[in-house]
Amino acid sequence: MTRLGVMGGTFDPIHHGHLVTAEEARVQFDLDRVLFIPSGHPPHKDPADITPSEHRYLMTFLATVSNPHISVSRLEIDRSGPSYTIDTIRLLAAEFAGAELFYITGADAIMQIMRGEWERSPELLEMCEFIAATRPGFVLDLDVLRRHNCTGRPLVNVHVMAIPALAISSTEIRARVRTHRPIKYLVPEAVEAYIVKHGLYREDSWRREPSGG
Ligand code: NAP
């Protein structure tokens, strides 16, 4: 049976912490491949606060293009309305019928699902395995949530993966660009070049749409 990793995130921008997370999940959980799904319209974020989806998609594509185990999906980018993860997982379950799905994202997001804070959380928790990536200093009390969560039954399909490289964060990278500090070695070279070329994350360019090469 195919084991498919589904890497959900806003990726604003994608950085080495995300890439290490995907690779670590692939090896630890013996995944055949990992599909990155940049969020189109994150339901919990004001559209004015995030970079246009086409930029985030293109940076994710550039960052992963050389890895034969990774591909990037436009599924959420091309769908209108809020990007509910339950809709994405249902579509993938139909498209990859018979595959086992592993949803990978930040640990705090997975804790929100277990508390029932996402759209149709109980149904979502029945549909796949979950891999919660934690960054250094993040204290996680998943055991209680595994026993007492919105499904009303103990969960055995939620796993935790500590990722030291997640000390890098997209928030920090955006702040660095805004304050003219270096981001070299925090993001892939092609992503750094893309950010510079399109003037992303500078005070004057926050919402610029991509145009031309
Ligand atoms: P976020 O709230 O911006 O990020 C939460 C934390 O998780 C941040 O520290 C973030 O670090 C980290 N993170 C995010 N994606 C990660 C990944 N793939 N691997 C490791 N760490 C990650 O989260 P977000 O990126 O916007 O949302 C995560 C996913 O949840 C998205 O696909 C979003 O659409 C989905 N979501 C769905 C619902 C719903 O269905 N109702 C609600 C909320 C979120 P960085 O900032 O460095 O990435």
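The values are calculated or read from the model by the stated rules, or taken from the named source; none is laboratory data. All of these numbers come straight from a predicted model, not from anything done at the bench. No Cβ is skipped: glycine too gets one built from the backbone with ideal geometry, and neighbour counts run over all protein chains shown. Note: areas computed on protein heavy atoms with side chains; ligands, DNA, RNA excluded. Shrake-Rupley method; radii C 1.70, N 1.55, O 1.52, S 1.80 Å.
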Checklist outcome for this item: With every protein chain kept in place and a 1.4 Å probe, the chain has an accessible area per residue in Å² of 49 Å²
Next on the checklist: If you average the alpha carbon positions of segment 91-161 and of segment 8-24, how far apart do those two centres end up, in angstrom?
Outcome noted: 18 Å
Checklist outcome for this item: Longest principal axis of the chain (C-alpha) makes with the long axis of helix 85-95 (C-alpha) an angle, in degrees to the nearest 10, of 80 degrees
Checklist entry - Quick one: helix 16-28 against the long Cα principal axis of the chain, what's the angle to the nearest 10°, folded into 0 to 90? => result 30 degrees
Next on the checklist: I need the peptides 67-80, 33-46 ranked by packing, meaning the mean over residues of other C-beta atoms within 10 angstrom, with the highest value on top.
Outcome noted: 33-46, 67-80
Checklist entry - Which of Ala107, Ile89, Pro122 sits closest to the plus end of the dipole of the chain, meaning its Cα is farthest towards the positive end, when Lys and Arg get +1 and Asp and Glu get -1 on the C-beta? => result Ala107
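Tell me, what % of the accessible area of the chain is carbon and sulfur with a 1.4 angstrom probe?
Values: 5540 of 10390 Å².
Here it works out to 53 percent.
Which loop GluC sites (Glu not before Pro) in segment 98-170, with loop taken from DSSP, have no more than 16 other Cβ atoms within 10 angstrom of their Cβ? Present the calculation step by step, with values, prior to reporting the outcome.
Values: sites: Glu100, Glu117, Glu119, Glu123, Glu126, Glu129; in loops: Glu117, Glu119.
Listed in order of number, the matching sites are Glu117, Glu119.
Using the Cα centre of the chain as the reference point, and only Cβ charges (+1 on K/R, -1 on D/E), how large is the resulting charge dipole? Debye, rounded to the nearest 20.
Numbers: 23 positive and 27 negative charges, 82 e Å.
It works out to roughly 400 debye.
What ranking of Thr21, Thr151 comes out by heavy-atom accessible area, probe 1.4 Å, highest first? Walk me through the numbers on the way to the answer.
Details: Thr21 5, Thr151 35 Å².
Ranking Thr21, Thr151 by accessible area, largest first, yields Thr151, Thr21.
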Item to check | Residues with amide H under 5 Å from that of Glu100, placed H, sequence gap 5 or more | outcome: Thr2, Arg3, Leu4
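What FRET efficiency comes out for Arg3 versus Ala48 if R0 is 45 angstrom and r is the Cβ-Cβ distance? Round to the nearest 0.05. Spell out each step's value before the answer.
Values: r = 38 Å, r/R0 = 0.84.
Working from the Cβ atoms, E equals 0.75.
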Checklist entry - Relative to the first principal axis of the alpha-carbon coordinates of the chain, what is the inclination of helix 53-64, with its axis defined by its Cα atoms, in degrees from 0 to 90 and to the nearest 10? => result 80 degrees
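At 222 nm, what helix-only mean residue ellipticity would the chain give, in deg cm²/dmol to the nearest 500, using -39500 (n - 2.57) for each DSSP H run of four or more? Provide the component values of the computation, followed by the final result.
Working: 8 runs with 75 residues, N = 213.
Here the helix-only value at 222 nm equals -10000 deg cm²/dmol.
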Checklist entry - What ranking of Met114, Met127 comes out by heavy-atom accessible area, probe 1.4 Å, highest first? => result Met127, Met114
Checklist outcome for this item: Scoring segment 32-166 by relative contact order with C-alpha pairs under 8 Å, at least six apart, yields a percentage of 20 percent
